[in-house]
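Take a look at the structure below.
The values are calculated or read from the model by the stated rules, or taken from the named source; none is laboratory data. The structure presented is a predicted model; accordingly, all values stated were derived computationally and were not measured. Neighbour counts run over all protein chains shown; Cβ positions are idealised from the backbone, glycine included.
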Amino acid sequence: MFFQEPTPDTSSYMIAGYVVAFIVMGLYVASLYLRNRNLNRDMAMLEEMDKPVVKMELKQPKKKPAKPQTKSVTKRGRKKRP
Amino acid sequence: MRPKPMTLKILDVISILVLGIAAYLALVVAPTELVMGDVQRVFYFHVGTAWTALLGFIFSAVLSVIYLVTKDLKWDRIQVAAIEVSLVFFFITIVLGSIWARPAWNTWWTWDPRLTTATITELIYIAYFMLRQGIDDPDRRARFGAVYALLGGISAPITFFAIRLFRTIHPVVIGGSNVNAEGGFSMTADMLGVFFFALFAFTVIFIDLFWNRIRLGDLQEQVEQLKLKVAG
């Protein structure tokens, strides 16, 4: 009992191990999330492109019968009477 | 875009919880090993990730057979998911083992049979993704991948049994003792409880990540199909 060596302090290795494990798992989860997000964006864009193109026919407004042009008489154009 | 199933959402939450509990048990509840000190606590995550990764590699070999029989690309996507998650877990195993080895063996790395077979396994599956990247035709890629993963699957049991078949310094903590092992130890009841909980936790986390990765593969497939439709 008296000759037993003291337990070595290896806590720094333990911390390093757990930090590495959590970082690697975190990076993998982040990569899954990012790939999923990018694919969803691609999907949305492709679905938009795949939509059938609706031809917008612009209806021409019916031409109204032309009114006989009359000279507009404005106050300015009116000659002052002497 | 398919919404995430409720079961998967619940599994996501459970995975985070069990990971937190496993870390708490390993860091706080488990007793300190007298010879190695605190570094022995990485053992719980080391074995937990190794267990799930090796099972994942073997499972991917089974999926290879299913794909080769059915020729359904769905099985190829599931196989890719299994291998990717296993690769990440096995990387954690190797790094944790190396960190543990520094104070226990006085070196970061040695070409011991277990470490060598583990490295070969990891490299085999990295090469699997490189092989797939080089093939454009989906059917051909899946066929080559399946055959490769089937052969690669042999490396997983070899890695597992390496410490039982060869003369090695890697400890055999479960199911035997190794007189050559440097850093071997016997587990107390508390340690065993934490150890089995860690195995359970990493199994749950693996299933959760695996499911999420399968969904990602399905989405990728949908995008590819849509791209072809738009281009055509």
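Scanning region B:22-40 for residues that are within 20 Å of residue A:20 (Cβ to Cβ), touching a helix residue (DSSP H, G or I) at 6+ places or on another chain (Cβ under 9 Å) and either at the interface with chain A (Cβ under 7 Å from one of its Cβ atoms) or part of a helix (DSSP H, G or I) (or both) yields B:22, B:23, B:25, B:26, B:27, B:36, B:37, B:38, B:39, B:40. Among the criteria (1) farther than 30 Å from residue A:42 by Cα; (2) surrounded by fewer than 23 Cβ atoms within 10 Å (Cβ to Cβ); (3) modelled with pLDDT of 95 or more; (4) more than 10 Å from every other protein chain (Cβ to nearest Cβ), the one residue B:77 does not fulfil is (1).
Looking at region A:7-30, which of its residues are crowded, with 16+ Cβ neighbours inside 10 Å and at the interface with another protein chain (Cβ under 8 Å from one of its Cβ atoms)? Answer for region A:7-30, where residues must be crowded, with 16+ Cβ neighbours inside 10 Å and at the interface with another protein chain (Cβ under 8 Å from one of its Cβ atoms): A:10, A:13, A:14, A:16, A:17, A:18, A:20, A:21, A:24, A:25, A:28, A:29.
Flag set for residue B:209, criterion: over 23 Å from residue A:47 (Cα atoms), in contact with a helix residue (DSSP H, G or I) (Cβ under 9 Å, 6 or more places away or on another chain) and facing another protein chain (nearest Cβ under 10 Å). Quick check on residue B:66: is it surrounded by fewer than 21 Cβ atoms within 10 Å (Cβ to Cβ) and either assigned to a helix (DSSP H, G or I) or out of contact with any strand residue (DSSP E or B) (no Cβ under 7 Å at 6 or more places or on another chain) (or both)? Criteria met by residue B:66. Restricting attention to region A:31-50, the residues that are among the hydrophobic types (A, V, I, L, M, F, W, C) and either in contact (Cβ under 8 Å) with a residue 24 or more places away in the chain or at the interface with chain B (Cβ under 7 Å from one of its Cβ atoms) (or both) total 5. Going by the structure shown, is residue B:19 touching a His at 6+ places or on another chain (Cβ under 6 Å), within 11 Å of another protein chain (Cβ to nearest Cβ) and either farther than 23 Å from residue B:200 by Cβ or assigned to a helix (DSSP H, G or I) (or both)? No: the conditions fail for residue B:19. Got at least one residue in region B:2-12 being β-branched (Val, Ile, Thr), over 15 Å from residue A:25 (Cβ atoms), at pLDDT 95 or above and under 20 Å from the mean Cα position of the chain (by Cα)? No, every residue in region B:2-12 fails to be β-branched (Val, Ile, Thr), over 15 Å from residue A:25 (Cβ atoms), at pLDDT 95 or above and under 20 Å from the mean Cα position of the chain (by Cα). If you check B:95, B:88 for being facing chain A (nearest Cβ under 10 Å) and within 16 Å of residue B:207 (Cβ to Cβ), only one passes: B:88.
With respect to the conditions (1) part of a helix (DSSP H, G or I); (2) surrounded by 16 or more Cβ atoms within 10 Å (Cβ to Cβ), residue B:157 lacks only one, and its number is (2). Being surrounded by 14 or more Cβ atoms within 10 Å (Cβ to Cβ), modelled with pLDDT of 60 or more and under 26 Å from the mean Cα position of the chain (by Cα) is not true of residue A:54.
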